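Structure first, commentary second.
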Amino acid sequence: MSVIYRKVKSEDNPFLAKVIRNTIEEFDAPRTGTVYSDESTDHLFELFDIPKAILWVAEQNGEAVGCCGIYPTDGLDEGVCELVKFYISNSVRGKGIGKELMLKSIDSARTLGYTNIYLESLPHFSKAIAMYEESGFKTLDVQLGNSGHSSCNVWMLKELKS
């Protein structure tokens, strides 16, 4: 079962929305104040069709099974992007797909000239948080930017070295 890593396409929208919402339900994470209730979750191709943003997709057997990207979230300082939409279908978790998507996103942030990557998460996603820490993200005491995700209470930042 080979996995293809590529940029998001418009036809990925329904598959990715399902992966995101299924993951939030599976981990019993909040549905309000998170990406679950964002209208843009159903339109990820359009959301990322702007400068200095990219959404990587993992595809297996012709279907999107995960995603992770970087986005110039409103309210972040110059040079800071947000690691966003990091969700993997439970059918392919534990195979390194998530880590590969995250590393591609970090590399893209560097290529696009960002100096730091910020992220927001929830304690429900402890395995992801451990992976962030292993990748050099440090916990913050305050939320940055204006993501609109009021339920997220884990905030982290990674400085990008050139």
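Any read-out appearing in this document is the output of simple, stated calculations on the displayed coordinates, not a laboratory observation. Only a predicted model underlies this, so the values are computations on that prediction, with no experimental measurement involved. Positions of Cβ are generated from backbone atoms using ideal geometry, with glycine treated the same way; all protein chains shown enter the neighbour counts.
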Please identify, among Lys138, Lys99, Lys127, the residue showing maximal mean-square fluctuation in a Gaussian network model of the chain using a 10 angstrom Cα cutoff.
Lys127
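Let me check against my output: what whole-number percent is the relative contact order of the chain, with C-alpha pairs under 8 Å and at least 6 apart?
23 percent
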Quick one: length gained pulling Ser126 to Ser2 fully straight, 0.36 nm per residue minus the C-alpha distance?
41.9 nm
Pairs of lysines in the chain (C-alpha under 13 Å apart; 8 or more residues apart or interchain)
4
A correct fewest-to-most ranking of Asp42, Asp141, Asp28 by other Cβ atoms within 10 Å would be Asp141, Asp28, Asp42
Within the chain, which complete DSSP H helices have Cα atoms spanning at least 15 Å along the helix axis and a mean Kyte-Doolittle hydropathy of -1.0 or higher?
13-26, 97-111
How large is the charge dipole for the chain, taken about the Cα centre, if only the Cβ atoms of Lys, Arg (+1) and Asp, Glu (-1) carry charge, to the nearest 20 debye?
540 debye
Which one of Phe15, Pro72, Leu47 has its Cα pushed farthest toward the positive end of the charge dipole of region 1-119, where Lys and Arg give +1 and Asp and Glu give -1 at the Cβ?
Phe15
So the label point goes 7 Å from the Cα of Glu26 along Cα→C-beta, right? Which residues of region 83-107 then have their backbone N under 19 Å from it?
84-103
